[in-house]
Each structure stands twice: as structure tokens, then as C-alpha cells.
Amino acid sequence: MSKRLIVKLIQWRTRFLPDRIFIIVVSIIIGILAGLIAVALKTSVHAFQEFLTSFFSARTNLDLYIIFPIIGLTLSTIYVRVFRKGVLSRGIGNVLVEISKKKGVIAKHKLYSQLITSFFTLGFGGSAGLEAPISVTGAAVGSNTAGFFRLSESHRKLLLGCGAAGGIAAIFNSPIAGVLFAVEIILSELVVSNFIPLIISSASATVVSKFLYTGQPFKLITESWELASIPYYIALGIICALISLYMIKVYYYFYKTYGQWNKPYIKTLIGGLSLGILLFLFPALFGEGYNIVENLLDGEYLQLINNSLFAEHQNNIWFLLVYAFLIMMLKIIATSITVNSGGNGGVFGSSLFVGALLGFIYARLINLWGHYQVTEVNFIVVAMAGILAGTIHAPLTAIFLIAEITGGYALFIPLMIVVALSYFISIYFEPYSAYTKGIAMKGEFILYNRDRLILENISIQKLIEKDFIPVNAEDTLGEFIEIIEQSRRNIFPVLDKDEKLVGIVLLDDVREIIFERHMYNLVLIKDVMIKPPAIIDIKENTYDIVKKFDELNVWNLPVTIEGKYAGFISKSSILSHYRDLLVKQVQR
């Protein structure tokens with residue numbers, strides 16, 4: 001499409017469609033596209049997985065479990081190295097960075113690169129979820145649509161959220177959870193009026209998903225809860241928090257460990273082999289694992305161990321519970337290896353998988369104890385919500401997602417108890433979620449720190465004040481007096497012949513001797529100059545600069561560009577710009 005035609009289209013839109021109406025129209029389009037993307041990726045991945053697993057016959061050919069992950073991760077790595085120059089920026093965490101540091105601008109390649117790499121990864125059995133790649137792709141659709149129509153930064157971020165919400169809604173046929181996911185995870189601040197586009201986008205995506213991908217994702221819950229079971233739900237909430245903390249720490253450990261390797265193909269080979277061995281021993285770790293969740297909800301728990309090396313022990317309930325516990329604890333390891341060794345996926349689906357296993361093990365142990373009988377399916381779905389809330393720090397998303405996909409509105413009280421306990425305990429001991437831990441440790445997570453977010457948007461280059469008259473270290477006091485008469489400042493930078501800052505002279509430090517004429521030729525600038533409290537490099541971010549001002553209790557600091565003096569920055573100038581940006585945000 002030619003630039004002239006684009007300009008005419010934008011002009012026509014501006015003239016005949018007010019922003020509010022246009023955003024609603026675009027949110028519908030984004031929701032439909034997100035729904036189509038979600039259905040296409042999920043259907044293709046599941047179809048390909050079924051094709052691969054058709055080669056398995058009972059316990060024969062299990063060695064293919066070792067081979068498939070290596071192939072999938074290698075294909076994903078080759079794509080990234082060849083077509084993306086080694087950079088993919090996968091995961092929800094990077095979307096948060098793009099919102100906070102790049103004003104919501106998401107690269108165009110994410111419209112397809114996330115789908116390609118996640119298909120290779122999950123199609124060949126990578127042990128992760130499709131939610132993150134689908135959400136990132138949806139967010140990219142929203143961001144690039146806003147960019148095409150040259151919308152404002154606030155509208156770009158809103159449409160980005162619409163795309164992410166539509167992706168989650170389409171995966172689970174869960175429109176409310178999609179909206180809440182966007183609010184809790186993607187968008188840090190949201191005015192009430194912006195809920196409408198999110199709701200419309202999420203609903204549009206759900207309609208598309210319902211039309212093309214019919215069926216209830218999980219089993220409908222029909223049994224209610226009993227008052228006597230409340231203590232068991234309280235204990236489950238605490239356990240969910242502990243497992244969530246374990247998942248966050250393991251996920252970050254692998255993120256940090258694999259991030260230090262600079263040989264991508266070796267990393268992929270080792271990761272693929274490690275994952276393959278886990279799948280060989282525990283086939284239930286293959287793929288997202290939602291088939292296992294459905295089996296547990298249907299009471300078909302023997303599917304956990306069928307077609308594995310240990311199938312002969314399926315009638316031993318205690319062996320089965322130990323086996324289920326190992327799968328539960330290994331799932332996050334398998335997911336971490338999958339994502340960090342070259343694949344693309346997320347921890348969202350893995351959290352639901354782990355929660356289902358935890359709920360099954362916990363409820364079955366209570367029933368085996370015999371003191372009190374509980375409804376196992378209720379504990380399975382409630383534990384899914386508890387683990388999800390504790391791992392990604394999104395309690396409302398967890399509650400409404402489980403309520404919507406299982407029809408478990410009758411379990412609202414247990415859901416709230418377990419989710420609240422898991423979330424608050426988890427966030428008390430670990431303030432960052434599985435999505436944000438890695439970027440937080442690199443100092444890139446500022447989305448929920450409003451002050452820092454605003455400060456990061458201030459351009460340091462524009463704040464440099466250049467009306468400070470420089471002097472030379474060998475100048476005499478007499479020469480300096482002439483410079484003072486020309487200046488409106490009380491600070492004077494001292495430069496060498498290469499224009500590098502060697503010190504500063506404060507007018508207050510020479511005030512007592514400037515009227516003593518006999519000192520004019522005796523005192524040199526180098527005799528009265530001092531070192532500045534700190535020197536700001538132009539590459540430093542504004543947030544760190546403000547911290548320097550506060551720690552040093554000063555109002556002006558010199559700035560250098562590639563080592564050369566450029567001017568001064570004042571604290572008052574930063575605060576003035578901060579106030580202006582804050583006012584603009586409030587008025588949006």
C-alpha cells in the first residue's frame with residue numbers, strides 16, 4: 001500500500017471516525033485476528049503432535065521422545081539464528097519491557113516469528129504452554145495496527161492489551177479471564193473507559209474460537225463445596241504458594257544459567273537431549289499437558305503412567321502418587337529447559353498442569369487418610385488457580401479463568417481462599433513473577449513503578465543546559481573575574497585541551513578572594529577548582545540520575561558524551577519535565 005493511500009486513509013478516518021468509535025472498531029478487528037491466530041496455532045500444534053505420537057505403540061518407540069525435542073528446539077534455534085540474527089525477544093516479560101521502554105512499539109516480525117518458533121517447539125513435544133507466544137503475537141497485532149494508523153502512545157498500549165486479551169480469551173474460550181490478564185499482567189494503569197475495547201476484543205476473539213474450535217476446554221464442575229472442607233482449602237492455598245515459589249526460582253535459575261551460554265547450537269543440543277530424557281522417563285511431560293489435566297478431571301488418573309516404562313505399577317496407588325509428584329516437580333524444569341535452550345513457550349500452561357497434579361495428589365491423600373472424604377475434581381481445579389496465581393501473580397485472572405473454563409462458579413469461595421493465600425504468600429517472599437523475575441534482575445522491569453516509568457520517558461539530551469562558561473585550569477584569578485562578569489551561573493566547568501572535564505569552580509569558593517586584587521595573578525583556577533560530586537554519562541537513564549541527585553543532595557551535575565564535557569543537568573529541570581509528563585498522563 002502506497003504512502004499516499006495510507007495518508008488519505010488516515011485523513012479519512014480522522015475526519016469521519018472519532019477516536020473513541022475508531023478504537024472500538026479496531027478492537028473488534030484485533031480480537032478477530034487474535035482469535036484466528038490462537039485457533040490456527042493451537043489446532044496445528046495439536047494435529048502435528050498427534051501425527052508424531054502415532055508412531056508410538058504402547059511402550060515401543062519411546063526413544064522417539066528423546067529425538068523429537070532435539071529436532072524441535074534445533075529448528076527453532078536455526079530460524080532465530082538465520083532469520084532473526086539470533087534475537088527473538090520471546091515471552092511476556094519482553095512485551096512488558098517494550099511497553100515501558102519502547103512506548104509499546106513491538107517489532108513487526110513478532111506477528112509471525114512467535115508462531116513459527118512455538119510451532120517447532122511445541123509441535124515436537126516441547127514441555128511448555130502456547131499462551132505466551134499467542135499473547136505476544138496478539139500484542140504485536142495491536143501494536144502494529146496502532147502504528148499503521150499512527151495512533152497515540154496511549155492508544156497503542158491499549159490496542160496492544162486488546163491483542164493479548166484476545167489471545168488468552170480465544171485459547172480458553174474465556175473472555176473475562178482475557179480482559180483480566182491484560183489488566184493484571186500487560187497494562188500497568190488503565191482508566192475505566194479503556195475496559196470497553198478490552199472487553200470487545202476479548203469477546204470477539206472468543207466468538208471466533210467458539211465458532212472454529214468448539215467444545216468446553218475442561219470438565220464442567222457440578223458439585224459444590226462443603227463448609228467442613230474449608231481447613232483443607234486453606235492448607236492447599238499455603239502449599240500452592242510454596243510450589244509457586246519453587247516454580248519461579250527454578251524458572252529463573254534456568255533463565256540465568258542458559259543466558260550465560262554463548263554457543264546457541266550447543267545449548268540447544270544439550271537442552272533438547274535433557275528434555276528428551278525427561279520425556280522418555282515421564283511421557284506425561286510431552287507438550288502442554290492439557291490432555292493429562294482432562295484425564296485427571298475425568299477420573300482417568302491411570303493415563304499418567306500408561307505407555308511409560310513404569311506402566312506395570314499402575315495398580316499401586318502409592319507408586320502412582322509418587323510418580324505424579326515427580327512429574328509435578330519436573331514439569332517446571334522441563335518448561336525451563338524448553339524455553340531457555342532455544343524454544344518458545346510459556347509458563348502459563350505449565351502452571352495449570354502442575355496445579356492439576358497437586359490438587360489430585362492432595363485430594364487423593366486426604367481420601368486415603370480416611371478421616372474426611374473430599375471431591376477430588378474440586379481440589380484439582382482450585383489448585384490450578386492457586387498455582388497460576390502464585391506463579392504469574394495474577395489472582396483475578398486465575399479465579400475467573402478456572403471459573404469460566406470449568407463452569408466452577410459454585411467454587412468461588414474455595415477459589416478465593418486458595419488463590420488469595422497462594423498469591424499473598426508468594427508475593428511476600430518473591431515480589432516478581434515468573435514473567436518478570438528475569439527482566440527485574442536485569443533492571444528492565446519498571447512497568448508498575450509509575451515514577452520510574454515516567455522518568456524513563458524523559459530525554460536526557462533535551463535537558464542538558466549549555467550556558468555554563470568553561471574555564472581553563474591554567475587561567476588566573478584575574479582572567480576568571482572577567483568570565484564571572486559575563487556569566488549568570490555560579491558554577492564553572494574546568495576543561496583541558498581535549499574538552500574533557502577536570503573539575504569545577506564554585507563561585508562561593510572564591511567569593512572571599514575575588515576582591516583582593518593582589519591575588520589576581522597569584523591564584524590559578526587549578527588552585528581553587530574541586531572535583532564534581534558525580535559526573536553523568538549521557539547513556540545513563542533518568543531514574544538513576546535522580547537517585548544520584550538525592551543521594552548527593554545537589555542540584556546540578558555535569559554531563560559528558562563519550563568522555564567529553566557537554567553541559568549540566570539540573571534536578572529542577574528533571575522535576576519540571578516529570579510534572580509535565582504526569583499531567584499529560586492524568587489527562588489521557
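The values are calculated or read from the model by the stated rules, or taken from the named source; none is laboratory data. Just so it is clear, the structure is predicted and the values come from calculations on it, not from any experiment. When we count neighbours, we look across all protein chains shown, and the Cβ atoms used for this are built from the backbone with ideal geometry, even at glycine.
Observations on the model:
- In the stretch 328-367, the residues that are in a helix (DSSP H, G or I) and either without any contact (Cβ under 8 Å) to a residue 24 or more places away in the chain or β-branched (V, I, T) (or both): I332, I333, T335, I337, T338, V339, V354, I361, A363, I366, N367
- Restricting the stretch 140-156 to residues that are hydroxyl-bearing (S, T, Y) and outside any loop (DSSP other than H, G, I, E, B), the residue that is farthest from the chain's Cα centre (by Cα): T145
- Residue in the stretch 269-288 that is nearest to I387 (Cα to Cα), counting only those that are of a type outside the set (A, V, I, L, M, F, W, C) and touching a Leu at 6+ places or on another chain (Cβ under 8 Å): E288
- Boolean, K564 is under 31 Å from the mean Cα position of the chain (by Cα) and basic (K, R): no
- Flag: I483 matches the condition of being modelled with pLDDT of 85 or more, closer than 22 Å to P558 by Cβ, not aromatic (F, W, Y) and not in a strand (DSSP E or B).
- Among residues of the stretch 120-134 that are closer than 16 Å to I171 by Cβ, those with a beta-carbon under 8 Å from a residue that is of a type in the set (D, E) at least six positions away or on a different chain give the pairs L122/E288; A128/E288; G129/E288; L130/E288.
- Entirely in the stretch 487-585, the strands (runs of 3 or more DSSP E) that have 1 or more residues that are closer than 30 Å to S154 by Cβ: 564-570
- Residue under evaluation E562, criteria (1) exposed (fewer than 13 other Cβ atoms within 10 Å of the Cβ); (2) on the phi < 0 side of the Ramachandran plot; (3) charged (D, E, K, R), criterion not met: (2)
- Some residue of the stretch 298-305 being farther than 23 Å from T397 by Cβ and in contact with an Asp or Glu (Cβ under 8 Å, 6 or more places away or on another chain): yes
- Number of positions in the stretch 420-472 that are part of a loop (DSSP other than H, G, I, E, B) and at pLDDT 85 or above: 13
- Taking (1) under 26 Å from L160 (Cβ atoms); (2) part of a loop (DSSP other than H, G, I, E, B); (3) modelled with pLDDT of 90 or more in turn, V87 satisfies each apart from (3).
- Checked against (1) farther than 21 Å from D63 by Cα; (2) of a type outside the set (G, A, S); (3) touching a residue at least 60 places away in the same chain (Cβ under 8 Å), W318 passes all but condition (3).
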